[in-house]
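Everything on this sheet refers to the single structure shown next.
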Amino acid sequence: MMPADTAPAADACCRCAEASGTCCTLSPGQEEFCFPLSARERADMEAAGAGPEMFFSQANTPAFVDNLCRLFPGEGALLRALFPAGGFHDRLAVALTGECLLLGPEGCRLPREARPYYCRLFPFWMRGGRQMYFEFKECQALRESRGGAGLLKRLGMTETGVFDLYHRLREAWGLTERR
Ligand code: SF4
Ligand code: SF4
């Protein structure tokens with residue numbers, strides 16, 4: 001067996017798919033908290049073969065918007081304008097047991113470049129201009145790494161790549177750029 005810090009990066013997510021539900025699985029009842037999909041992201045997914053059954057039209061519930069406000073502190077007014085009460089947004093469709101319908105036995109069925117930005121970033125995020133990561137205990141890559149740099153390597157990502165993806169996500173979701 002290869003030492004944890006020299007195994008190919010993509011393997012961590014494959015092992016995760018074999019061992020658990022991965023970050024591609026929601027707890028049943030938490031579906032409304034799934035991140036939104038922009039029209040651009042949906043178009044990229046459809047171009048890669050995702051059919052209409054892979055998407056769900058989700059109401060902009062107060063709990064959903066509150067959750068987005070926690071992801072983007074200080075941007076509540078803009079988020080409430082983008083996701084108004086009474087409106088709907090696209091999200092990933094999930095099975096009754098919570099798995100994204102695009103999740104296969106070896107991970108996501110979509111090529112990486114066609115996956116939603118949030119999926120491609122996870123578990124990384126940016127806060128106050130600084131890179132951070134979510135402490136998700138089911139994350140195989142997190143378990144096998146010793147923090148930020150090791151986690152980046154494990155997932156085949158770079159600091160520049162995280163920064164770029166995060167800002168592409170903001171642009172796609174309609175958030176005014178703040179660098
Ligand atoms: S689109 Fe792919 S990466 Fe994103 S949650 Fe679904 S299976 Fe996972
Ligand atoms: S990013 Fe982490 S939680 Fe998501 S599939 Fe990869 S190893 Fe699993």
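The values are calculated or read from the model by the stated rules, or taken from the named source; none is laboratory data. What you see is a predicted model; the values in this text were computed from it and never measured. No Cβ is skipped: glycine too gets one built from the backbone with ideal geometry, and neighbour counts run over all protein chains shown. These accessible areas exclude ligands, DNA and RNA; they are computed on the full protein's heavy atoms, side chains included. Shrake-Rupley method; radii C 1.70, N 1.55, O 1.52, S 1.80 Å.
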Of (1) over 19 Å from residue 169 (Cα atoms); (2) without any contact (Cβ under 8 Å) to a residue 40 or more places away in the chain, residue 65 satisfies all except one. Which?
-> (1)
Residues of the stretch 153-177 classified as closer than 20 Å to residue 71 by Cβ and in contact (Cβ under 8 Å) with a residue 24 or more places away in the chain, total = 14
For the stretch 89-117, enumerate the residues that are touching a helix residue (DSSP H, G or I) at 6+ places or on another chain (Cβ under 9 Å) and charged (D, E, K, R).
-> 90, 91, 99, 106, 112, 113, 115
Reported set for the stretch 35-58 where residues are open to solvent by 50 Å² or more (accessible area, probe 1.4 Å) and among the hydroxyl-bearing types (Ser, Thr, Tyr) is 57
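Let's see how each residue does on (1) closer than 25 Å to residue 79 by Cα; (2) not basic (Lys, Arg):
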residue: 100; (1), (2): yes, yes
residue: 122; (1), (2): yes, yes
residue: 129; (1), (2): yes, yes
residue: 135; (1), (2): yes, yes
residue: 138; (1), (2): no, yes
residue: 146; (1), (2): no, no
residue: 157; (1), (2): no, yes
residue: 171; (1), (2): yes, yes
Candidate set from the stretch 25-58 (those that are touching a strand residue (DSSP E or B) at 6+ places or on another chain (Cβ under 6 Å) and modelled with pLDDT under 95); member that is farthest from residue 99 (Cα to Cα) | 26
